[in-house]
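Peer 1: Sharing a structure below in structure tokens format, with a few things to ask.
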Amino acid sequence: MSRRLRSKTSPTPGTTRRTFLKQVGAAGLAAAAAPLVQPRISVGAAPVTLNLWTGYPELEPFYKKAGEEYAKTHAGFKLETLSSQLREMEQKLTAAIPTDTGPDVFDIGRNIALIFADGGLLPPNPPKVMSLLKSKAFNPVVVDYNTYKDKVYGIPFQEGSKPALFYNTKMFKEAGLDPNKPPATFDELMAAARKLAKKDASGNLIRAGISLRLSGQGSGVGEKFWYVLYAMGGDIIVKTKSGKWRNGYDNEAGRAALKFYIDAVHKYQVDDTKLQHDAAAFVSEQAAMLMREAWVIGELKEKGPKVEYNTVAVPRAKRWGGMTQPWSLYVSKSTKSPDVAWDFAQFLVSPPMAILHLTMTGWTSMRDDVDWSPILKNTPQFKPFLVWDKGRGLYAEPAIPVWDELETKMAERLVTAFADKSLMDNPSGIAKAMKDMATQSDDLLKKAGIYGTD
Amino acid sequence: MVEPSAGSLVAPAVTLTDRLCGLLRMNRLKFSKYCFCYLGLIPVFAIYWVLRLEPIARTFILSFYDWHLIRPLKPFVGLANYYEMWSDDNFLLALRNTTLFAVFVVGASVVLGLALAVLLAGNLRLTAAYQAIYFLPVITPMVPMAIAWKWIFDARYGILNYSLSWFGVQPIGWLTSPDVAMWAIIIMSVWKVLGYNMVLLLVGLKNIPAVYYEAASMDGAAGWKMFRRITLPLLKPILLFVVVISTINAYNVFTQVYVMTQGSQAAPGAPLRVLVFDIYQNGFQFFKMGYASAEAVVLTLIVLALTLIQMRVIRADGE
């Protein structure tokens with residue numbers, strides 16, 4: 001989330017969506033609420049007030065509600081929350097954590113948490129939390145994501161990047177495609193996109209067959225490119241046998257992924273930088289397909305309730321999988337009540353709270369042991385996000401401090417490449433573009449002292 | 001208590017004030033005035049020191065360290081940050097883009113500002129209204145204006161492409177095409193500063209005594225000749241000020257680039273990478289404060305050098 005978990009920018013964030021999701025989740029919440037009446041830790045005689053900071057203002061009502069629920073079984077517990085936009089929160093935390101003036105509990109992206117951990121400013125998880133993480137409640141990939149130098153930091157709280165393919169079923173029918181047979185491979189995806197793309201009399205594209213992330217700053221471009229790159233068999237960086245890292249895209253997979261984009265924009269013209277993009281394009285029916293995270297479901301309910309759509313796992317090529325990007329809860333080193341802080345953080349990811357979390361915010365939990373059936377019954381579009389098919393891999397960003405810089409700089413070069421028409425039917429041009437990008441990535445790894453090829 | 005006997009000599013007590021007055025060769029009244037002035041200036045100077053001078057000094061010091069914002073170890077690296085900069089593609093691209101931006105924005109805003117000022121200096125009707133209209137963009141905040149221009153430049157819904165379509169021009173991806181994105185930002189930036197330059201130059205024009213024009217007119221000068229021989233030379237001090245201020249501001253361009261490159265419907269990052277954005281990204285996104293400080297020092301030196309060159313060239317030309 002951050003450049004990672006996308007912030008929702010609706011003028012009235014959450015109101016309509018929340019109402020909708022409340023209805024969806026009410027049954028599930030009622031069924032799952034029973035364990036709440038049994039306290040697992042006693043706050044004790046002394047009242048405890050925890051401070052919680054979040055970079056996602058839309059999470060604040062959930063945190064407050066969860067605090068109230070926790071207080072019902074933990075007398076004397078009080079929660080105070082502070083929220084701001086993510087960038088501001090990152091800056092607040094980078095000033096507060098090193099000086100021990102931060103909150104007791106906070107949520108933040110791993111890019112920041114990793115730097116705190118690297119500087120010894122963040123406590124690793126206590127044994128009780130580790131036993132929860134090592135239970136079947138969490139996918140090992142998710143736990144690995146929070147592991148740095150053999151220690152695990154934070155509790156995976158919500159999913160930041162697990163993507164699926166959104167497709168407009170009405171447009172599928174109009175284009176003679178079967179909405180019950182959505183594209184399963186990237187070849188099928190391109191073929192469908194070509195049928196779904198619409199041009200005006202002057203030959204200008206007025207509806208994208210698929211809306212790709214072609215522009216903008218930052219790692220969002222890199223993440224979306226990785227969806228294709230992973231399917232083609234590549235990765236942005238790969239770990240060597242000796243535990244070092246090198247680029248994983250100056251190869252056939254990388255060239256195939258870039259070719260997919262170049263073909264989409266220049267050869268088959270199923271997308272165009274001049275069109276509206278991203279969720280806004282899908283919601284306003286200017287794009288027939290989109291690969292995006294679960295929050296788009298709430299966006300559609302709020303801003304495009306008449307859009308007929310469905311979701312399916314991101315297509316496969318040589319591999320099949322999806323990215324995970326856990327957004328985690330951390331307890332600060334300076335908290336005066338570490339036991340209560342850790343217990344409350346665990347409470348926030350408990351199954352009843354996971355349903356409440358989805359119900360109130362639209363963000364999905366990282367847990368595998370939640371019964372999502374009440375949610376799926378009402379909103380089946382959540383399925384590819386909540387139920388992970390067998391054989392569908394899960395991949396995550398590597399835990400290296402230089403990652404953010406590496407991905408951001410790669411993304412900036414990608415944007416330039418996507419717009420370069422000379423790369424169409426130009427394998428050597430594509431190869432050179434990838435090589436230049438990869439050299440930059442490797443140089444950053446070398447500078448960080450973690451580059452290796454063996 | 002012993003009273004001094006009549007007629008005995010009592011040496012007057014020599015105070016610190018007297019000594020200082022002696023040292024500075026001034027009387028007590030003058031000394032008091034100076035003290036009052038300096039005491040009055042202390043709060044202002046203290047604030048200026050804390051907010052301006054010390055950050056600049058610290059930036060300079062940080063540039064010699066591998067100063068990561070969060071990591072506890074911040075080793076001294078000497079000139080390593082400066083060496084790294086000259087092989088950093090992003091920095092070199094940012095330097096090139098910023099220079100291109102500065103040349104065109106300063107050039108266009110000064111020339112157009114001068115043209116408007118000359119037009120409005122005449123006895124046109126509604127001169128005050130025109131001045132207010134041209135000055136309006138200056139007082140409006142940059143962020144909302146940048147967002148508004150993002151929409152104006154929107155390829156699909158933007159009013160600019162809509163207007164151009166009347167003349168049969170196909171939609172242009174003003175912000176999304178790497179070939180034109182920088183020009184879009186330049187257009188927006190010229191629009192933003194034009195009014196400021198115009199007002200300053202107008203003040204300069206109004207301050208040129210009419211007698212010079214009358215004399216030139218009697219000598220048979222008119223039009224372009226009068227402008228070149230009378231207006232321009234007498235306008236040079238204010239022109240120098242406008243050029244220097246515009247150059248400093250142009251090299252510090254950030255807000256409009258930042259706003260217009262964020263989001264999926266935004267301009268591509270690389271073709272619009274400018275120095276302050278590169279400094280921001282290295283400092284606050286990648287937390288490389290030492291490196292960002294070195295970039296900031298280089299930016300300061302570039303602007304300082306350009307300012308000195310401009311002052312020397314324009315003044316020498318004037319003399």
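The values are calculated or read from the model by the stated rules, or taken from the named source; none is laboratory data. In this text the structure is predicted, and so the values were computed from the model without any measurement. When we count neighbours, we look across all protein chains shown, and the Cβ atoms used for this are built from the backbone with ideal geometry, even at glycine. Accessible surface areas use protein heavy atoms only, side chains included; no ligands, DNA or RNA. Shrake-Rupley method; radii C 1.70, N 1.55, O 1.52, S 1.80 Å.
Peer 1: Just the residues that are under 18 Å from A:LYS274 (Cβ atoms) and under 23 Å from the mean Cα position of the chain (by Cα), please, taken from the range A:182-211.
Peer 2: A:ILE210, A:SER211
Peer 1: Ok, one more. Look at A:THR408 and say whether it is open to solvent by 20 Å² or more (accessible area, probe 1.4 Å), assigned to a helix (DSSP H, G or I), at pLDDT below 95 and within 12 Å of another protein chain (Cβ to nearest Cβ).
Peer 2: Against the criterion (open to solvent by 20 Å² or more (accessible area, probe 1.4 Å), assigned to a helix (DSSP H, G or I), at pLDDT below 95 and within 12 Å of another protein chain (Cβ to nearest Cβ)), A:THR408 does not qualify.
Peer 1: Quick check on B:TYR157: is it under 19 Å from the mean Cα position of the chain (by Cα) and open to solvent by 70 Å² or more (accessible area, probe 1.4 Å)?
Peer 2: It is false that B:TYR157 is under 19 Å from the mean Cα position of the chain (by Cα) and open to solvent by 70 Å² or more (accessible area, probe 1.4 Å).
Peer 1: Of all helices (runs of 4 or more DSSP H) completely enclosed by the range A:110-200, which ones contain at least 2 residues that are charged (D, E, K, R) and modelled with pLDDT of 95 or more?
Peer 2: A:169-174, A:186-196
Peer 1: If you check A:ALA191, A:ALA184, which single one turns out to be away from every other protein chain (no Cβ under 14 Å), under 17 Å from A:PRO384 (Cα atoms) and open to solvent by 40 Å² or more (accessible area, probe 1.4 Å)?
Peer 2: Exactly one of A:ALA191, A:ALA184 is away from every other protein chain (no Cβ under 14 Å), under 17 Å from A:PRO384 (Cα atoms) and open to solvent by 40 Å² or more (accessible area, probe 1.4 Å), namely A:ALA184.
Peer 1: Something else: How many residues, within the range B:103-150, are open to solvent by less than 20 Å² (accessible area, probe 1.4 Å) and among the small types (Gly, Ala, Ser)?
Peer 2: Final tally of qualifying residues: 4.
Peer 1: Under 6 Å by Cβ, and 6 or more places apart or on different chains, what pairs join a residue from the range A:115-128 that is more than 14 Å from chain B (Cβ to nearest Cβ) with one that is open to solvent by 50 Å² or more (accessible area, probe 1.4 Å) and at pLDDT 95 or above?
Peer 2: Listed pairs, sorted by first residue: none to list.
Peer 1: Which condition from (1) in a helix (DSSP H, G or I); (2) of a type outside the set (Val, Ile, Thr); (3) touching a residue at least 60 places away in the same chain (Cβ under 8 Å) is the one that B:LEU175 breaks?
Peer 2: Answer for B:LEU175: the failing condition is (1).
Peer 1: Related question: Among the residues of the range A:411-427, which ones are of a type in the set (Asp, Glu) and either modelled with pLDDT of 90 or more or outside any helix (DSSP H, G or I) (or both)?
Peer 2: Scanning the range A:411-427 gives A:ASP420, A:ASP425.
Peer 1: Another one. I'd like the full set of residues that are touching a Phe, Trp or Tyr at 6+ places or on another chain (Cβ under 8 Å) and open to solvent by less than 10 Å² (accessible area, probe 1.4 Å), limited to the range A:160-181.
Peer 2: Within the range A:160-181, A:GLY160, A:PRO163, A:ALA164, A:PHE166, A:TYR167, A:ASN168 meet the criteria.
Peer 1: Does the range B:182-205 include one or more residues that are free of Cβ contacts under 8 Å to residues at least 40 places away in the same chain and assigned to a loop (DSSP other than H, G, I, E, B)?
Peer 2: Among the residues of the range B:182-205, not one is free of Cβ contacts under 8 Å to residues at least 40 places away in the same chain and assigned to a loop (DSSP other than H, G, I, E, B), which makes the answer no.
Peer 1: Right, A:ARG207: touching an Asp or Glu at 6+ places or on another chain (Cβ under 8 Å), part of a strand (DSSP E or B) and closer than 21 Å to A:LEU406 by Cβ or not?
Peer 2: No.
Residue-wise test of (1) of a type outside the set (S, T, N, Q); (2) free of Cβ contacts under 8 Å to residues at least 12 places away in the same chain; (3) crowded, with 16+ Cβ neighbours inside 10 Å; (4) part of a helix (DSSP H, G or I).
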| position | (1), (2), (3), (4) |
| --- | --- |
| B:PRO72 | yes, yes, no, no |
| B:ASN81 | no, no, yes, yes |
| B:SER87 | no, yes, no, no |
| B:LEU93 | yes, no, yes, yes |
| B:ARG96 | yes, yes, no, yes |
| B:PHE101 | yes, no, yes, yes |
